[in-house]
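Enquirer: Mind looking over this structure? Questions follow.
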Amino acid sequence: MLFRFQCVWVCFWRDLREVLRDKSTSMKGTTKQLQLSSPWQRRSRQGRGRSGGTVGGGGGIEHHLRSFRTKIKMPNKNFLNNPQTYSLDGIISSKEGQSQSCYLTKATIDRGVWTDINPLNQKLPMFVMQLVIVTSVTRLLLVIAKPLRQPPFVAEFLAGLLIGPSVTSHISGLQKFISDTIFATPRLMMMETVASLGLNYHVFFLGLEMDITAVTRVGRKALSIGISGSLFSFIVGAAFYIFGVPQYLQNYKMGFLYWGVVLSVTGIQPVGDLLVKHKLLQSEFGRVAMSSALVNGVISWLLLLISSAITCSKQLFFVSLLMAVLLAVFFCFVVRPAILWVIKETQEGEEFSESTVCVILTTVLFCGLLTDVCGLSSFYGAFMFGLIIPKDVLGDRFLTVLQGFVSDLLLPLFYCSVGMRTHVDSSTIHDKNDWTLMLQVTFLSFLPKLITTLAVSYFYKIPFREGIALGVLMNAKGILAPMALNWGYDHLALNRQGYTMMILPIALMTVVASPILGYLYKPTKHFLPSKHRTLQKLRPDAELRLLACIHELQTVPGIITLLEVSNATKRSPIFLFAVQLIRLAKHTTALLIEHGPGGFGSQSSRSFDGQTDQVIAAFEKLEEANNMFSVQPLTAMSDYGSMHEDVCSIAEDKRVTLILLPFHKRQTIHNQMEDVNPAYKDMNDNILANAPCSVGILVDRGIGISFRKEDDNDDGTIRVCMIYIGGDDDREALTYAWRMAGHPRATLTVIQFSASESAASNIEPHDFAQDGGKVASATVDIATEKQLDADFISDFRQKSVEKEKVTYLEKESNNGAETVSIIKSLAESYDLFVVGRGLGMSSPLKSGLDDWSDFPELGSIGDLLISSDFPSTTSVLVVQQHVEKNPKKGRQSSSITSRGHKR
């Protein structure tokens, strides 16, 4: 068995050595006319081999292998002989003098490595090998690019360059195996054919995702940036080709058109990916950037259409443009109604039938064929077909399934073909002058859009840093740029050097866009006025804007009950942003969806998560039951590591006063707390540290049940208890609890703990640590803090003296142990505890509690209330007040009338 394996292995490498040594020739024709003199004349299919009938001669390894023939039994007796040939008798039946066409190829019978035939010499195995290599390298670079916040375009584009001769030519081993064998020029025909097929479908998806009607709705800023950036960049690119590299004009006069088109392109998809990764898609900056990219994309397609028409035929230039217009009219008024009718007739319920999918995919190729016949590229037909179909008709499921196959498997082949045409080696870069020219082209490629964007930003009074960030973002290229270069290269408008000179700036401009954008534009620096950030500073007649985060369907009842108790009234209504947080899935781009009225049952929501409809329907029901509620459902999709950025960005953009978060543990039937997902804890911690407003964490242990069971609890009254120790967080918590007291079915008990005279002497300054968003090493004067608490409680007692449903109690304690004992005695009397987080504040009333706290995000009192030692399973709401950087404590109002409660 060992000898048999050695024989096969040595023969395989012998065969591979022959492949590396032999020079393959390209087959330009596919058929050849054969004149048959008689019906018995035949043509045999010959396998690969050398003249004389003996493969490889008689010495060396071959002689060594033949010596084993008499010693071991081979799987195939003819393993070392020439491949067997076969006659075509019976296949070609012709009369004398009749002409027949035969496919000009060498056909062999392939029995794998067990014969003398190398299977990689066949077209299909070789294509499979190419596909495996390209896909593997692309996926590896996608993994590397993700933490660097690079769009997928960068990874796919760089993968093509790495596989191409620009890199492999400098490594001798890779050059022989990759460039000269696997990706040798004669073996690229099938790969480029499949790549063109994949590119047609990808362009169709680009058109499907582009809303062309949105161009008429963009603002003046975006319109100015898009038009000026594309046209000025086209002029600069064309001028530099004409005057900067005049040597190219001798044989490639039309190359200036494609240099201009490449510089004018702004990739809509890379721009969207960058905005999503930096959490800017829903900001004003993101809306301007996407609108500008949309305008730029439309103009770039028109410029490429004109350039390709000029390149194909100068005499028939106007005819080509006229045909493009007629085809657009034909697609709009013939193809669009027909395809919509077919979809309607063949659709089975909410899913698409096989007939529907087949018709759509076939029509893509048919439209590409029409434009190809008319002298234009097939990509125009596929793109226009995507433009005329409304995206909602096909739905996101259609895109998710098919786009994953096209983008992950077929599209990398196109980038590989681009890399094969790029030669950063001695054949293209001859001397220092060529390197200098490449650097000049790269530097000049950045300037046109940067200059135009800064000019428009100055005119519209956009901040300088944002203008630079917007200009850099407009330089991010998409797939249209290499498509334009390929078209020019195929139609002899560009030579290899001109092609390579412009390919590298495409990659570089897109790569540097992400780090520059992250450095220049940081939305967390732009804070809203502080009056919107805390409940204390909210006017009593102002609208309360809340943001509720939902991970799972089980957390919805508790959040809704808390919202109902929050007492939305005509004087102080509540505007709720209900955000369902969904982990980013494969083939899905991170995004934020704002569901419109009645849109909670749409296909787009169901395609992301099966619970989305139920979550949104529950909040819609809350809005219908109480017209003092306004609900805006949202769906945020991102990875767990950046979910807190989504929440903080929404809170800042929507002017939210309080963020409500579910605790990362939930109650079991055995009254124990079990983990739902450890990632939720990290997200809550990050939100507490970075939130632009106050934050509340709800530990739901059946608050919804107690609120709705009228027979168990005094007509369904919910009993709220606020434990007051002192500090910013406690004042914020009492403000929220005081608002709840205005609800007709809620009662409020406020228990203020005060230190005894013996314990008061041990009170230390309130040191606020950096954890939880507190300012590091900021020391608050004890007397000032005590005065703020005293004024706050005094004002609260004055306002609640006539309120029968509000009770105020004072408890004196010497240490943390006494505080715990008093709180435990109240365990069974309430349905909801409201406490301040108070992390970082030292007090004798809590001495020792922080040392054994398991959940710092709840504070010492909140952690006590959910511990297994606590005698009840009452729900708990822990509130953290937002604190400004370098806060001026002495100026903080302590009047209860300035807070967002409703009496």
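Enquirer: Name all residues of segment 860-875 having a backbone nitrogen under 18 Å from the label point set 7 Å from the Cα of Ser825 along its Cα→Cβ direction, giving them as ranges.
Expert: 865, 870-872
Enquirer: If you find the alpha carbon centre of segment 132-198 and of segment 243-269, how far apart are they in angstrom?
Expert: 25 Å
Enquirer: Before I look further, what does segment 154-218 give for accessible area per residue, probe 1.4 Å, in whole square angstrom?
Expert: Result: 41 Å² of accessible area for each residue.
Enquirer: Just list whichever of Lys665/Lys799; Lys146/Lys681; Lys123/Lys477; Lys570/Lys654; Lys537/Lys786; Lys570/Lys846 have alpha carbons separated by over 30 Å in the model shown.
Expert: In this structure, Lys665/Lys799; Lys123/Lys477; Lys570/Lys846 exceed 30 Å between Cα atoms.
Enquirer: Just to verify a number: what accessible area does Val801 come out at with the full protein assembly present, 1.4 Å probe, Å² rounded to tens?
Expert: Solvent-accessible area, nearest 10 Å²: 110 Å².
Enquirer: When the convex hull of the C-alpha atoms of segment 393-471 is computed, what volume per residue in Å³ does it have?
Expert: So the per-residue Cα hull volume is 169 Å³.
Enquirer: Additional query: Using only Cα positions of segment 437-550, each an equal point scatterer, no hydration layer, compute I(q)/I(0) via Debye at q = 0.20 Å⁻¹ and quote the log10 values to two decimals.
Expert: Log10 I(q)/I(0), no solvent term: -1.07.
Enquirer: I would also like to ask the following. If r is the Cβ-Cβ distance from Lys344 to Ile171 and R0 is 56 Å, what FRET efficiency results, to the nearest 0.05?
Expert: That gives a FRET efficiency of 0.50.
Enquirer: Here is a follow-up. Sorting Ser825, Ser872 by accessible area (1.4 Å probe), largest first, what list results?
Expert: Ser825, Ser872
Enquirer: Follow-up question, since we're still on this one. Which value, in Å² and to the nearest 10, is the accessible area of Tyr489 when all protein chains are kept and the probe is 1.4 Å?
Expert: The value for Tyr489 is about 60 Å².
Enquirer: When the Karplus curve 6.51 cos²θ - 1.76 cosθ + 1.60 is applied with θ = phi - 60°, which whole-Hz ³J(HN,Hα) does each residue of segment 803-808 get, with x for Gly and Pro?
Expert: 3J(HN,Hα) across segment 803-808, in whole Hz: 8, 5, 8, 10, 10, 10.
Enquirer: Turning to a different aspect of this structure: Each label point is 7 Å from the Cα along the Cα-to-Cβ direction; what then is the distance between the points at Asp675 and Val401, in nm?
Expert: 3.6 nm
Enquirer: Largest first, what is the accessible-area ranking of Trp341, Trp852 with a 1.4 Å probe?
Expert: Result, largest first: Trp341, Trp852.
Enquirer: Step through the residues of segment 790-800 one at a time and calculate ³J(HN,Hα) from phi using the Karplus curve (6.51 cos²θ - 1.76 cosθ + 1.60, θ = phi - 60°), rounding each to whole Hz and writing x for Gly and Pro.
Expert: So the Karplus estimates, Gly and Pro as x, are 5, 5, 5, 5, 4, 5, 4, 5, 5, 6, 9 Hz.
Enquirer: Rounded to the nearest whole Å², what accessible area per residue is found for segment 225-373 with the 1.4 Å probe?
Expert: For segment 225-373, the solvent-accessible area averages 46 Å² per residue.
Enquirer: A follow-up question, please. In whole percent, and with a 1.4 Å probe on the protein chains, what portion of the accessible area of segment 261-315 is carbon and sulfur?
Expert: Carbon plus sulfur share of accessible area: 64 percent.
Enquirer: How much length is gained if the chain between Arg797 and Asn251 is pulled fully straight, taking 0.36 nm per residue apart and subtracting their Cα-Cα distance, in nm to one decimal?
Expert: Between Arg797 and Asn251, full extension yields an extra 187.5 nm.
Enquirer: Using modelled amide H (1.01 Å from N, peptide plane; none on Pro or chain starts), what sits under 5 Å from the amide H of Thr749, excluding residues fewer than 5 places away?
Expert: Val720, Cys721, Met722, Thr807
Enquirer: Next up: Based on alpha-carbon centroids, what's the gap between segment 287-337 and segment 418-441 in Å, whole number please?
Expert: Measuring centre to centre over Cα atoms gives 32 Å.
Enquirer: To the nearest 10 Å², what's Ser794's accessible area with a 1.4 Å probe?
Expert: For Ser794, solvent-accessible area is about 50 Å².
The values are calculated or read from the model by the stated rules, or taken from the named source; none is laboratory data. Everything numeric here is computed off the predicted structure, so don't read it as measured data. Methodologically, a virtual Cβ is constructed for each residue, glycine included, from the backbone with ideal geometry; neighbour enumeration extends over all protein chains shown. SASA here: full protein model, heavy atoms, side chains in, ligands and nucleic acids out. Shrake-Rupley method; radii C 1.70, N 1.55, O 1.52, S 1.80 Å.
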